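The values are calculated or read from the model by the stated rules, or taken from the named source; none is laboratory data. Given the structure is predicted, the values throughout are model-derived calculations rather than measurements. All Cβ positions, even for glycine, are placed from backbone atoms using ideal geometry, and neighbour counts span all protein chains on display. When the accessible area is computed, the model is the full protein with side chains, heavy atoms only, and any ligands, DNA or RNA have been set aside. Shrake-Rupley method; radii C 1.70, N 1.55, O 1.52, S 1.80 Å.
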Amino acid sequence: MAHDPRDLAPALLTFLTERHLATLTTLRADGSPHVVPVGVTFDPATATARVITSGTSAKARHVRAGQARVAVCQVEGRRWLTLEGTAVVRDDPASVADAEARYAQRYRQPRENPARVVVEISVDRVLGNA
């Protein structure tokens, strides 16, 4: 079922704040999917999802190389939600600190990583059942 990313039902928003891991799918240069487990946060006011990672990670490299279309999916039993959108990599200190604070609120304080960046996703499609 498709949902408006800027007007998600309360049950969907709750699901996006509970502690669940997700998978992030980026695309390699040859178009094949690269799927990895991640923690993700979602800002409903701006329909923005954020994933923190090392700047040298494959996911960051794929987005920087122009493979900007991504999907984040989380599943728990019969509940699932996929956030699709266009990603950018942000490495400025303010964006990284903001994403770390959001991550800490949903999961736990992230370990120190001076090479950390943020894969910031402008969500334009939400699919799911939560």
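Overview of results
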item: Given charges at Cβ of Lys, Arg, Asp, Glu: the range 73-130 dipole, positive-most of PRO93, TYR103, VAL117; result: TYR103
item: Built amide H within the under 5 Å cut-off of ALA130, gap 5+; result: TRP80
item: Accessible surface of the chain [probe 1.4 Å, protein heavy atoms]: carbon and sulfur percent; result: 52
item: Heavy-atom accessible area ranking, 1.4 Å probe, most first, across SER54, SER122; result: SER122, SER54
item: Distance in nm between pseudo-label sites at ASN113 and ALA58 (7 Å out along the Cβ direction from Cα); result: 1.5
item: Relative contact order %, the chain, counting alpha carbon pairs below 8 Å whose residues are six or more apart; result: 33
item: Accessible area in square angstrom per residue, the chain, 1.4 angstrom probe; result: 53
item: Backbone HN-Hα couplings from phi across the range 53-68 [Karplus 6.51/-1.76/1.60, Hz, Gly and Pro as x]; result: 6, 6, x, 9, 5, 4, 4, 5, 4, 4, 5, 4, 7, x, 8, 7
item: Rounded D (µm²/s) - the range 38-130, Kirkwood Rh over Cα pairs, Stokes-Einstein at 4 °C, 1.567 mPa s; result: 96
item: HN-Hα J in Hz across the range 117-130 - Karplus 6.51, -1.76, 1.60, θ = phi - 60°, x for Gly and Pro; result: 9, 10, 8, 9, 10, 7, 6, 10, 8, 10, 10, x, 8, 10
item: Value of relative contact order over the range 69-113, rounded to a whole percent, pairs C-alpha under 8 Å and six or more apart; result: 24
